[in-house]
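Worksheet: the structure to be examined is printed underneath.
Bear in mind that the values in this text are calculations on the coordinates, not laboratory data. Values in this document were obtained by computation on a predicted structure and should not be read as measured data. Note that each Cβ is placed from the backbone with ideal geometry, even for glycine, and that neighbours are counted across all protein chains shown.
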Amino acid sequence: MATNRDRARDAALAEDEDEALKDAALGSKRRFSEFECPTCSAHNPFDEFGNNDEVLCNWCGLQFKALVDEEGNLKLKEL
């Protein structure tokens, strides 16, 4: 018998899967509002950025170029 906790967990997993499908559908046009610095691991909230935009880590000061692949995955390349 499913409990309320099980139903809530299943609903949260379904939402995560839906979100992942939306992100994949956008591909390289996906936009981001935050990133984790690959150098110092600092969390950086950001207005909005996408493929080929430049972002700056507010903690260590390094600058990166955002590269978004066809699956909507973000990679940061140090400049």
Point to revise | Verdict on GLU34 being free of Cβ contacts under 8 Å to residues at least 40 places away in the same chain and in contact with a Ser or Thr (Cβ under 6 Å, 6 or more places away or on another chain) | key: no
Check your understanding: What residue, among those in the stretch 36-55 that are within 14 Å of GLY72 (Cβ to Cβ) and not small (Gly, Ala, Ser), is farthest from the chain's Cα centre (by Cα)?
Key -> ASN51
Point to revise | Filtered residue count, the stretch 37-56, keeping only those that are under 18 Å from ASP69 (Cβ atoms) and in contact (Cβ under 8 Å) with a residue 24 or more places away in the chain | key: 2
Practice item. Just give me the residues in the stretch 38-55 being surrounded by fewer than 14 Cβ atoms within 10 Å (Cβ to Cβ) and in a strand (DSSP E or B), in sequence order. Key: HIS43, PRO45, ASP47, GLU48, GLU54
Revision key, fill the gap. In the stretch 57-79, anything more than 11 Å from the chain's Cα centre (by Cα), touching a residue at least 24 places away in the same chain (Cβ under 8 Å) and assigned to a loop (DSSP other than H, G, I, E, B) is listed as LEU62, ASP69, GLU70, GLU71, LEU79
